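Asker: Below is one structure. I have some questions about it.
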């Protein structure tokens, strides 16, 4: 890492930030990196979006100042659905902060105007692969270094953006999230009972510690709970579901919870679900520790996904769907995985975990500590940020495809043993025998001329294959 100290770093955060809690894993990681840089003596000015719960400047550290002054639309997504002058004011504020800094770090992308940061070494971390403004940031990328939280995410962006600018791959770094395993470990429940009734801890508990987003798998969890209650006899099962901090004020979230309660009621499980306030960072380890199983069986295209790691660290086994990064971030011996939509398989695994009273093994806890270290993560981020240098602008071009172009399976697809080929962005399976057999037989790619043009165009149009375009 660069030995120079006292650098000024201007940080852009499209998402709101708060003094004592975070809306999601991306903001948790930003705080960890910012605190590390602050402890090294660097001064960070973080500009974030204003939120009703965060309107005044605050500090995470004497060297880390947060200014919630940006007026992007809330709640996320569609932050640019805001008046023109809010966008102009945000660009000017961010531009002024960058002008007065040595480095610019953009957390989670979202700043879609490269000319705002063109004069200073710029590091951009893309932590989403589904939101429009992040995709635009990627396809308009002119940063000097690009941090991605997993190989799945790196490969996905590389497969697309490198078609137009092959050099972009040389600026990419995959840095896995790291965790404070002194925090995420079994913690005897105590203060959590101010939020969760103590009597619930006496019941078998499924945990759904996710934001209010159907793609996180809540409707799949309802189906699993129904199997557990009616087919496996876990009549005293409780499913814990946090309400987002905007649950009572944002119309979309109010509608979400109303529909959710209706679905739960229609299955006769109202008494098995418990909705509670959002859990802050101080209570999160106790929250995981009171549960028996953590459910991560949605179809959200995670770029990393902190939940199963945090849960395992606290001793609670997660069940994962084989979606995006959940397919390969863990070794198989440490987690239970099911194909997306396999409700019977998920219910059977949950039943087995509950019956065995299984907890994370010592080997799994050691695996987490060695492979997903917080110290390693923040050190690697600091290395990339503090050693960034201003590079020439990336050159973009339109790729030309021909009959000799090679194609390969898209990084966001996988071949299921049972259901055909799964597509992360479509959240569905395709059992087309020619597509499946071609991809199974050619794991390293195939020449486009081997498939008739109409079929190839269909596969390309639907995103099952990507072209391998050379510089």
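Asker: Quick one: go through the stretch 441-471 and flag any residue whose amide nitrogen is under 17 Å from the point 7 Å out along the Cα-to-Cβ line of residue 169.
Answerer: 443-447, 465-471
Asker: How long is the gain from residue 182 to residue 282 if the chain were fully straight, where each residue apart is worth 0.36 nm and the alpha carbon distance is subtracted?
Answerer: Separation in residues times 0.36 nm, less the Cα-Cα distance, equals 34.7 nm.
Asker: Next up: May I have the convex hull volume per residue, in Å³, for the Cα set of the stretch 406-468?
Answerer: In the stretch 406-468, the Cα convex hull volume per residue is 75 Å³.
Asker: Quote to one decimal, in nm, the extra length available between residue 91 and residue 254 on full extension: 0.36 nm per residue of separation minus the C-alpha distance between them.
Answerer: 55.5 nm
Asker: Between residue 453 and residue 433, with labels modelled 7 Å along Cα→Cβ, what's the label distance in nm to one decimal, could you check?
Answerer: Once both label points are built, they end up 2.7 nm from each other.
Asker: Can you grab the distance from the C-alpha centre of the stretch 165-201 to the C-alpha centre of the stretch 397-467, Å, no decimals?
Answerer: Comparing the Cα centres of the stretch 165-201 and the stretch 397-467, I get a distance of 35 Å.
Asker: Another question, then. Rounded, prolate or oblate: which one fits the stretch 368-411, using the alpha carbon gyration tensor with axes a ≥ b ≥ c (rounded when a/c is under 1.5, else prolate when a/b beats b/c, else oblate)?
Answerer: Cα axes put the stretch 368-411 in the oblate bin.
Asker: Let me ask something additional. Pop a pseudo-label 7 angstrom from the Cα along the beta-carbon direction at both residue 201 and residue 69 and give the gap in nm to one decimal.
Answerer: Simple spin-label model gives 4.5 nm for this pair.
Asker: If you don't mind, there's one more thing I want to ask. Any idea how far the Cα center of the stretch 337-382 sits from the one of the stretch 1-43, in Å?
Answerer: Centre-to-centre (Cα) distance: 27 Å.
Asker: Shape of the stretch 191-371 from its Cα gyration tensor (a ≥ b ≥ c, root eigenvalues): rounded if a/c is under 1.5, otherwise prolate when a/b > b/c, or oblate?
Answerer: Verdict is rounded for the stretch 191-371.
Asker: Also: Helix-only estimate, please: 222 nm mean residue ellipticity of the chain, summing -39500 (n - 2.57) across DSSP H runs of length 4 or more and dividing by its residues, to the nearest 500.
Answerer: -9500 deg cm²/dmol
Asker: Using 0.36 nm per residue, how much length does the chain from residue 136 to residue 267 gain when fully extended, once their Cα-Cα distance is taken away?
Answerer: Gain on stretching residue 136 to residue 267: 43.1 nm.
Asker: Would the chain count as rounded, prolate or oblate if I go by the C-alpha gyration tensor, calling it rounded below 1.5 in a/c and otherwise prolate when a/b exceeds b/c, oblate otherwise?
Answerer: oblate
Asker: While we're looking at this one, here's another question. Which parts of the stretch 106-123 would a label at residue 84 reach, counting a residue when its backbone N lies under 20 Å from a point 7 Å out along Cα-to-Cβ?
Answerer: Only 112-116 pass the distance filter.
Readers should treat all values here as calculations from the given coordinates under stated rules, not as data from a laboratory. Because the structure is predicted, anything quoted here is derived from the model rather than measured. With ideal geometry, Cβ positions are generated from the backbone for all residues, glycine too; neighbour counts draw on all protein chains shown.
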